[in-house]
Amino acid sequence: MSVLQLVSIMLGGAFGAIARYLLSNLVYDWLGRSFPYGTLSVNILGSFLMGLLTIFFLQKAHLDPAIRLGVLVGFLGSLTTFSTFSLDTLDLIQEGALWQALINVLGSVIVCVFAVWLGMLAGRHI
């Protein structure tokens, strides 16, 4: 792995973390904090983009590997928030909100896998 690839991942990660923070807070401002809507939203969006951009980068646009790594590993790796999802789910369980915890788990896993698939379908049709 080259220094350029590592720097690309680092920069992508920084921008992904900022995007996660801003997007999730926009969703929380809109829908409130009674459920981890912000975390779920960025995970669904990130999953869709992972599918879309994987197909786009590998089959449509033959970009430098450093750019692919910066976007897919750096930006999207920081945008999606599995550790935050886990903490949010545990908080719901500890608060006794078991149905909300279950909805969060199912939404984050099933809907995000579906979002990757939709992204890949969209990527194939661009």
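Given the structure, is Ser47 touching a helix residue (DSSP H, G or I) at 6+ places or on another chain (Cβ under 8 Å) and within 13 Å of Ala115 (Cα to Cα)?
Values: touching a helix residue (DSSP H, G or I) at 6+ places or on another chain (Cβ under 8 Å): yes; within 13 Å of Ala115 (Cα to Cα): yes.
Taking the combined requirement at face value, the residue satisfies it.
Only residues that are on the phi < 0 side of the Ramachandran plot and modelled with pLDDT of 95 or more: list them for the range 91-103, please.
Leu92, Ile93, Gln94, Glu95, Ala97, Leu98, Trp99, Gln100, Ala101, Leu102, Ile103
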Margin query: Looking at the structure I just gave you, is Gly107 farther than 24 Å from Met1 by Cβ and either at pLDDT below 95 or β-branched (Val, Ile, Thr) (or both)?
Written below: yes
Notebook entry, point to check: Of (1) within 11 Å of the chain's Cα centre (by Cα); (2) touching a residue at least 40 places away in the same chain (Cβ under 8 Å); (3) under 16 Å from Gly74 (Cβ atoms), Val42 satisfies all except one. Which?
Noted result: (2)
Item checked: Selection status of Ser2, surrounded by 15 or more Cβ atoms within 10 Å (Cβ to Cβ) and touching a residue at least 12 places away in the same chain (Cβ under 8 Å) -> no
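The values are calculated or read from the model by the stated rules, or taken from the named source; none is laboratory data. Everything numeric here is computed off the predicted structure, so don't read it as measured data. Because the Cβ atoms are built from the backbone with ideal geometry, glycine has one as well, and the counts that use them run over all protein chains shown.
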